[in-house]
1. Report, ordered by the first and then the second residue, all pairs with beta carbons closer than 9 Å, sequence separation of six or more or different chains, a first member in segment 196-211 that is touching a residue at least 40 places away in the same chain (Cβ under 8 Å), and a second member that is more than 8 Å from the ligand (Cβ to nearest atom).
2. Which residue, of Ala155, Ala139, is within 24 Å of the chain's Cα centre (by Cα) and either in a helix (DSSP H, G or I) or exposed (fewer than 15 other Cβ atoms within 10 Å of the Cβ) (or both)?
3. Looking at the structure I just gave you, is Val42 in a helix (DSSP H, G or I), touching an Asp or Glu at 6+ places or on another chain (Cβ under 7 Å) and on the phi < 0 side of the Ramachandran plot?
4. Among the numbered conditions (1) under 25 Å from Ser19 (Cα atoms); (2) away from the ligand (no atom under 14 Å from the Cβ), tell me where Thr218 comes up short.
5. Closer than 19 Å to His2 by Cβ, within 14 Å of the ligand (Cβ to nearest atom) and not assigned by TED's automatic domain parsing to the domain that holds Ile14: does that describe Arg186?
6. Looking at segment 197-216, which of its residues are touching a strand residue (DSSP E or B) at 6+ places or on another chain (Cβ under 9 Å) and either of a type in the set (Ser, Thr, Tyr) or part of a loop (DSSP other than H, G, I, E, B) (or both)?
7. If Leu121 satisfies every condition in (1) in contact (Cβ under 8 Å) with a residue 60 or more places away in the chain; (2) of a type outside the set (S, T, N, Q); (3) within 26 Å of Asp30 (Cβ to Cβ) but one, which is the exception?
Amino acid sequence: MHEKMNLLKELQEIDQEVSSIEATQQGYHDELEAFESDADRVQGMLDELTAELTLLQKDEAQLQQDLLRERDNVTRVEGRLPGIQTQKEYVAVLKEIDVAKKANKDLEDQVLAKQQEIGALEQDQQEKQDQLNVIKGNAEARAAELSGLMAESAATLQKRKETRESVASDLPAPLLRQYQTLFKRRGGLALALARDGACCGCHMQLPPQQYNSLLRETEMQTCPHCNRLLYVELRG
Ligand SMILES: [Zn+2]
């Protein structure tokens, strides 16, 4: 029973280390994932801006076309001036020119406004792109830092798991299963020291008879309160 308990202690130590390595690996993974979701978020904003810009540029192109047509119109109406015969006709054509020029000016203002809107969005787009580049740069730098640590921890984990298998194979299967269940349910502490008549896992008193038989080290026992496998420290 003493030998089995020593194997279990060794197993628990390895299992705790394995859990801690796995938690560290998860931490690395979460850290890199946070960069990724941050980059995705900025990329999403960038995509929206690009879509908005495409629409605005289309609007501007349409306005520029309208403007060309309106300029042609002014030229066309002005071309009628030399052929005018009457004062009345003259006034009418001048009025027409005036209207066309106003329309022209109006379109020019619209083009200008559209261009300013586009300029502001382009600036925003550039800022987001810079932001994205910074995030990606940081992510790459951190990933490079972590890749060494990750490889190291994967190698350690592999070694620990191999040792674990060899220790576990020396234990009877039912005891191993009992230990594994307890390890999971009791937060990585399947074994508990029994001292001064109490279980150190849950700090409850053990029945005196059980405690005495534990001291005699006759058979494997579990705490009646927390079910942990009990052991006593040998007096040296
Ligand atoms: Zn207990």
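The values are calculated or read from the model by the stated rules, or taken from the named source; none is laboratory data. Here the structure is a predicted model, which means the values were calculated and not measured. Note that each Cβ is placed from the backbone with ideal geometry, even for glycine, and that neighbours are counted across all protein chains shown.
1. Once the first residue is touching a residue at least 40 places away in the same chain (Cβ under 8 Å) and sits in segment 196-211, no partner that is more than 8 Å from the ligand (Cβ to nearest atom) comes close enough.
2. On the way: Ala155 fails: within 24 Å of the chain's Cα centre (by Cα).
The unique qualifying residue is Ala139.
3. Numbers: in a helix (DSSP H, G or I): yes; touching an Asp or Glu at 6+ places or on another chain (Cβ under 7 Å): no; on the phi < 0 side of the Ramachandran plot: yes.
No: the conditions fail for Val42.
4. Looking at each condition in turn, Thr218 falls short on (1).
5. Numbers: closer than 19 Å to His2 by Cβ: no; within 14 Å of the ligand (Cβ to nearest atom): yes; not assigned by TED's automatic domain parsing to the domain that holds Ile14: yes.
So Arg186 does not fit the description; no.
6. First pass over segment 197-216, keeping only residues touching a strand residue (DSSP E or B) at 6+ places or on another chain (Cβ under 9 Å): 197-202, 204-206, 210-211, 213-215.
Once the filter is applied, which keeps residues that are touching a strand residue (DSSP E or B) at 6+ places or on another chain (Cβ under 9 Å) and either of a type in the set (Ser, Thr, Tyr) or part of a loop (DSSP other than H, G, I, E, B) (or both), segment 197-216 yields Gly197, Cys200, Gly201, Cys202, Met204, Leu206, Tyr211, Ser213.
7. Going through the list (1) in contact (Cβ under 8 Å) with a residue 60 or more places away in the chain; (2) of a type outside the set (S, T, N, Q); (3) within 26 Å of Asp30 (Cβ to Cβ), Leu121 breaks only (3).
Residue-by-condition table, conditions (1) more than 17 Å from Gln12 (Cα to Cα); (2) surrounded by fewer than 17 Cβ atoms within 10 Å (Cβ to Cβ):
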site	(1), (2)
Lys161	no, yes
Leu176	no, no
Gln180	no, yes
Arg185	no, yes
Leu191	no, no
Gly197	yes, yes
Pro208	yes, yes
Leu229	no, no
